[in-house]
1. Can you confirm whether the stretch 193-206 contains a residue that is of a type in the set (A, V, I, L, M), open to solvent by 10 Å² or more (accessible area, probe 1.4 Å), modelled with pLDDT of 95 or more and within 20 Å of the chain's Cα centre (by Cα)?
2. Would the stretch 131-144 turn up any residue that is open to solvent by 70 Å² or more (accessible area, probe 1.4 Å) and within 14 Å of residue 90 (Cα to Cα)?
3. Can you name every one of the helices (runs of 4 or more DSSP H) wholly within the stretch 77-170 that holds 2 or more residues which are touching a strand residue (DSSP E or B) at 6+ places or on another chain (Cβ under 7 Å), within 20 Å of residue 181 (Cβ to Cβ) and within 12 Å of the ligand (Cβ to nearest atom)?
4. Got a number for residues in the stretch 32-57 being within 18 Å of the chain's Cα centre (by Cα) and within 13 Å of residue 103 (Cβ to Cβ)?
5. Residues of the stretch 179-188 being buried (at least 24 other Cβ atoms within 10 Å of the Cβ) and more than 11 Å from the ligand (Cβ to nearest atom), which ones?
6. Is there a residue in the stretch 35-42 that is modelled with pLDDT of 85 or more, away from the ligand (no atom under 16 Å from the Cβ), within 28 Å of residue 370 (Cβ to Cβ) and in a strand (DSSP E or B)?
7. Looking at (1) free of Cβ contacts under 8 Å to residues at least 40 places away in the same chain; (2) open to solvent by 60 Å² or more (accessible area, probe 1.4 Å), can you tell me which one residue 82 breaks?
8. Can you tell me which residues in the stretch 7-21 are open to solvent by less than 10 Å² (accessible area, probe 1.4 Å) and of a type outside the set (A, V, I, L, M)?
Amino acid sequence: MALDRYVITGKQRLEGRIRVSGAKNSSLPLLAATVLAEGTSTLLGIPELVDITHMIEVLKHLGCRVVRQDKAMHINAGGLEACEVDEGLMRQMRASNLILGPLLARYGRVKISRPGGCAIGSRPMDQHIKGLQLLGVKVKEKHGYIEAWTDHLQGADVYLDVPSVGATENIMMAAVLAKGITVLRNAAREPEIVDLQNLLNKMGAKVRGAGMDVLRIDGVERLHPAEHTVIPDRIEAGTHMIAAVMTEGDVVIENIVPEHLEPVIAKIRQAGAHVTLLDDSVRVQQWGRIRGVDLKTMPYPGFPTDMQPQFMAMLSCVEGTSIITETIFENRFQHVDELRRMGAQITVEGRTSVIRGVETLEGAFVEASDLRAGAALFLAALAAEDVTVLEKIDYIDRGYENLEQKYRQLGAKILRIHQEG
Ligand code: UD1
């Protein structure tokens, strides 16, 4: 494993244009969905990221042929051979569990190694399993594996106790080939669900309601391959917006869907930053210090948990005090200790943190503990005085395509030090 690190010289004003890549969290279910049809589907705009490589490994392991040609990814799921994802592949990426729904729909059986918890929380799968059971799936959990099988999938009325993104996606992907109608209530409303609905419908499925909390899926006999372009990554876009604010810069962020960013834009504006929306881009300009704001993470269209660490980095060096409440994941304040090393004044009590804005952050040796914690420290380093050495940036590579190249073009001073571990 490579153990790369960034050496970042802070306080460089960022200026220019930056282009957002395709959404990682859309790409993963879209790739899994291609298994539902025989023949070659084409996905456009899939980012080159470590997590995507892992999902492709899963697909290849199952017998799919996958070819990347520039920005197009061709996936041929004609000759599926295996229905099992082993521990090695599963451990590399939790989202491999998105293969459950498609494999049950196409083959009626699947065995995956149960994903463990991760740095940010315990990550249960009870809602995925409950939904699939209601569709007629038998599930056995043994020796750390989930084994599931069914004679035929039957449409059902499913109510999710929490609007889980992954459970919504898995149940949708199973229900498209079930007999009869599935109604999924308290479904996740994230834009990535709408993107998945769009691909599934292009493949011949009948899914309605994505973006709202009730989905109706009329099962069909079979699906055919399709071509689809992935939506832009709203979390990447939000991260760039904060970088512009924190460096008192002037940055145009291209390839965005403004509605997807509404919760983030509302909070950045509330803090006093200057945001101008254009058609498919947004300009963020900042002069002077912004002020503290309180926020609470919620399922979409609430404030995204995946932007919470980056916001905390920003709120560390504003005028006044902010309160952040994390309601989605129980352990998502791992960046706090590292931000404190950079001079931030943050206290944590359970799921709430209080951030007293300091005049400026200072460079330090810090370490990423997960993807978005890494992004938060990256942002803090851009705004800090002197040099920051950010370790374990492999986490950042999981979710940000060409990060240092993109930021160098804006004027950031970043060096990647490569080291074999
Ligand atoms: C997805 C995103 C992740 C994001 C998260 C929340 C992908 C690949 N990842 O993860 O970046 O942080 O949504 O926006 O899209 N839960 C249960 N039971 C379940 C499933 C989930 O209780 O069966 C709970 C979780 O513990 C968590 C909440 O539901 O508290 C949200 O999790 P979920 O929406 O499932 O997250 P993921 O789909 O794993």
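The values are calculated or read from the model by the stated rules, or taken from the named source; none is laboratory data. From a predicted model like this one, the values you see are computed outputs, not experimental measurements. Please note: Cβ atoms are built from the backbone with ideal geometry, for glycine as well, and neighbour counts cover all protein chains shown. Heads up: the accessible areas ignore ligands, DNA and RNA and are worked out on the full protein's heavy atoms, side chains in. Shrake-Rupley method; radii C 1.70, N 1.55, O 1.52, S 1.80 Å.
1. Scanning the stretch 193-206, I find at least one residue that is of a type in the set (A, V, I, L, M), open to solvent by 10 Å² or more (accessible area, probe 1.4 Å), modelled with pLDDT of 95 or more and within 20 Å of the chain's Cα centre (by Cα), so the answer is yes.
2. In the first step, residues of the stretch 131-144 are kept if they are open to solvent by 70 Å² or more (accessible area, probe 1.4 Å); the result is 133-134, 138, 140-143.
With within 14 Å of residue 90 (Cα to Cα) added as a condition, the list becomes none.
Checked against the condition, which is being open to solvent by 70 Å² or more (accessible area, probe 1.4 Å) and within 14 Å of residue 90 (Cα to Cα), the stretch 131-144 yields no hits at all.
3. On the way: elements: 87-92, 100-107, 126-134.
Of the helices (runs of 4 or more DSSP H) lying wholly inside the stretch 77-170, those with at least 2 residues that are touching a strand residue (DSSP E or B) at 6+ places or on another chain (Cβ under 7 Å), within 20 Å of residue 181 (Cβ to Cβ) and within 12 Å of the ligand (Cβ to nearest atom) span 126-134.
4. Of the residues in the stretch 32-57, the ones within 18 Å of the chain's Cα centre (by Cα) are 32-33, 43-56.
Checking the rest, the ones that are also within 13 Å of residue 103 (Cβ to Cβ) come to 32-33.
The total comes to 2.
5. If the condition is that a residue be buried (at least 24 other Cβ atoms within 10 Å of the Cβ) and more than 11 Å from the ligand (Cβ to nearest atom), then 182, 184 are the ones that fit.
6. No, the stretch 35-42 contains no residue that is modelled with pLDDT of 85 or more, away from the ligand (no atom under 16 Å from the Cβ), within 28 Å of residue 370 (Cβ to Cβ) and in a strand (DSSP E or B).
7. (2)
8. Of everything in the stretch 7-21, just one residue is open to solvent by less than 10 Å² (accessible area, probe 1.4 Å) and of a type outside the set (A, V, I, L, M), namely 10.
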